Amino acid sequence: MSKDHKFTSSWGFVLSAVGSAVGMANVWGFPAKMGSYGGSAFLFAYLVFIILFGVVGLSAEYAVGRRARTGTLGSYEMAWASRRPSLGRAGGLLGWLPLAGSMCIAIGYAVIISYVLKAFANSIDGSLMHVDTAGWFESFSLNSYSVIPFHAIVVIGTLLTLLLGAKSIEKSNKIMMPLFFVIFAILAVRVAFLPGAADGYRYMFLPRWKELLDPMVWIWAMGQAFFSLSITGSGMIVYGAYLGKEEDVAALAKRTALFDTIAAMVAALVIIPACFAYGLDVGSGPSLLFVTLPRILQDIPLGRLFAIILYTAMIFAGVSSLQNMFEAVGESLLHRFPKLNRKIVLALLCAVCLGIGLHMEPIFQWGPWMDIVSIYIIPIGATLGAVSWFWMMKREDLLDEVGQGAKKPPSALWYNVGRYVYVPCAVILCLVALLMQVAF
């Protein structure tokens, strides 16, 4: 792998990995699910899974990527071939499913970030401060080809940041991620002064132990943890491929999980207290960003400024996630077809994303598309990855790679937790998601 395809520092890597993980899953997904599934009870369950997945699942994906020195296809091939060389081809073929998942997620993400960019533009010109937000949102979210210029800017702009591989990803995220945290911290302070915000804090943090008896609180918390950490059996592998042997993947995974959780909590500290202050539904999904929050911003001093700040942060979060999805696909294709030029591959990804994504612009098209992704692609990808690392890959190979650069080698307990706790969690999530789809 070339010099341009390596991160220059561990913190640059962490910021890039956090940038991949932080996105709509954190900004509206986490607050919406926390608001709908028990508040503090959901938070407790979520933190349990974040610790488990961060310590075991994420470090395994980083390690597998680094050992294979490539993206999804090569990593699955390597993992399966370590068990038996003849299985390598089967593993490589299996890797196409989570890889396709990364592309499907990217297509859907690009649409919602196009909405965000439109909201940002309307915040800049001030028009967002004077409209009926529900009518404004419907004016473009229910119509085809309504945000084409914004869609093109998002896709082409994101792909341009990937031209130099890890170095360009690292440089952009060193700017975007610190600004994301600063922007949301400012908004959280402003929301704290809203009348009624204290009710939101009580909902978030006062113990609600009875809610923990509801199995769906744990199921939704587990799914959110997978989604939030971007453990999809694909995306984080390629970032691991850019790590040097001297880096401690377990420590980097813990840092990624920590800052990703802080990002989710900061977003929740903005959205949940604000919704309680205004008596609004915190579980309203995409409309939270485009109907509920603009309505709040219209009513507070300096609302236009805070709207610009909010949607700037959203753009940073979305683009950093898109970078990871496109890079996972691009690096894997370059590994599979080495004669291709990186610029050509990125151009093809741009064309595919725009070509399919333009038909996804109306929310009645985008919504079902993302439902398929969240119900099928993410759980199945996470499951395939978990099984491949902890059941197909040779134990010695995985432990050896996780131990590279570590002050303390991984113990048998780490591996057994991965095999007998983490893998069943992924399988349960996949089965529940499929059963829920059949039932409803």
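The values are calculated or read from the model by the stated rules, or taken from the named source; none is laboratory data. Small disclaimer: the values here were computed from a predicted structure and weren't measured. Because the Cβ atoms are built from the backbone with ideal geometry, glycine has one as well, and the counts that use them run over all protein chains shown. Side chains included, ligands, DNA and RNA excluded: accessible areas come from the protein's heavy atoms. Shrake-Rupley method; radii C 1.70, N 1.55, O 1.52, S 1.80 Å.
Residue count for region 316-342 satisfying the condition of being at pLDDT 85 or above and within 25 Å of LEU117 (Cα to Cα): 6. Can you tell me which residues in region 122-145 are buried (at least 16 other Cβ atoms within 10 Å of the Cβ), in contact (Cβ under 8 Å) with a residue 24 or more places away in the chain and out of contact with any Lys or Arg (no Cβ under 9 Å at 6 or more places or on another chain)? Selection gives TRP136, PHE137, SER141. Among all positions in region 82-94, there is no residue which is closer than 27 Å to VAL18 by Cα and assigned to a loop (DSSP other than H, G, I, E, B). So for region 281-302 (the condition being farther than 19 Å from MET129 by Cα, in contact with a Pro (Cβ under 7 Å, 6 or more places away or on another chain) and hydrophobic (A, V, I, L, M, F, W, C)), does at least one residue qualify? Looking through region 281-302, at least one residue is farther than 19 Å from MET129 by Cα, in contact with a Pro (Cβ under 7 Å, 6 or more places away or on another chain) and hydrophobic (A, V, I, L, M, F, W, C). Selection within region 117-132: residues that are of a type in the set (S, T, N, Q) and within 27 Å of the chain's Cα centre (by Cα). The member of this set that is nearest to ARG304 (Cα to Cα) is SER123. Against the conditions (1) aliphatic (A, V, I, L, M); (2) more than 20 Å from SER141 (Cα to Cα); (3) in contact with a Phe, Trp or Tyr (Cβ under 9 Å, 6 or more places away or on another chain), MET314 satisfies every one except (2).
Residues in region 7-23 that are assigned to a helix (DSSP H, G or I), surrounded by 24 or more Cβ atoms within 10 Å (Cβ to Cβ) and at pLDDT below 75: LEU15, SER16, ALA17, VAL18, GLY19, SER20, ALA21.
Of all residues in region 331-340, those that are assigned to a helix (DSSP H, G or I) and open to solvent by 70 Å² or more (accessible area, probe 1.4 Å) total 2. The residues of region 291-301 that are surrounded by fewer than 24 Cβ atoms within 10 Å (Cβ to Cβ) and either modelled with pLDDT under 85 or among the charged types (D, E, K, R) (or both), listed by number, are VAL291, THR292, ARG295, ILE296, ASP299, ILE300, PRO301.
Listed here are the residues, each with its yes/no results for (1) among the acidic types (Asp, Glu); (2) buried (at least 22 other Cβ atoms within 10 Å of the Cβ); (3) under 20 Å from PHE30 (Cβ atoms).
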position	(1), (2), (3)
LEU289	no, yes, yes
ALA313	no, yes, yes
PHE316	no, yes, yes
VAL329	no, yes, no
ALA347	no, no, no
CYS353	no, yes, no
PRO379	no, yes, yes
PHE390	no, yes, no
GLU396	yes, no, no
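Listed by first and then second residue, the pairs with beta-carbon distance under 8 Å, at least 6 apart or on different chains, first residue in region 146-174 and at pLDDT 90 or above, second not in a helix (DSSP H, G or I), are VAL147/GLU361; ILE148/GLU361; HIS151/GLU361. Candidates SER86, SER114: the one that is more than 30 Å from GLY303 (Cα to Cα), among the polar types (S, T, N, Q) and at pLDDT 90 or above is SER86.
The single residue among LEU322, LEU340, LEU288 that is over 30 Å from PRO195 (Cβ atoms) and in contact (Cβ under 8 Å) with a residue 60 or more places away in the chain turns out to be LEU322.
Filtering region 205-219 for residues that are open to solvent by less than 50 Å² (accessible area, probe 1.4 Å) and farther than 30 Å from PHE42 by Cα leaves an empty set. In region 59-83, of all residues being open to solvent by 10 Å² or more (accessible area, probe 1.4 Å) and of a type in the set (A, V, I, L, M, F, W, C), the one that is nearest to LEU258 (Cα to Cα) corresponds to ALA68.
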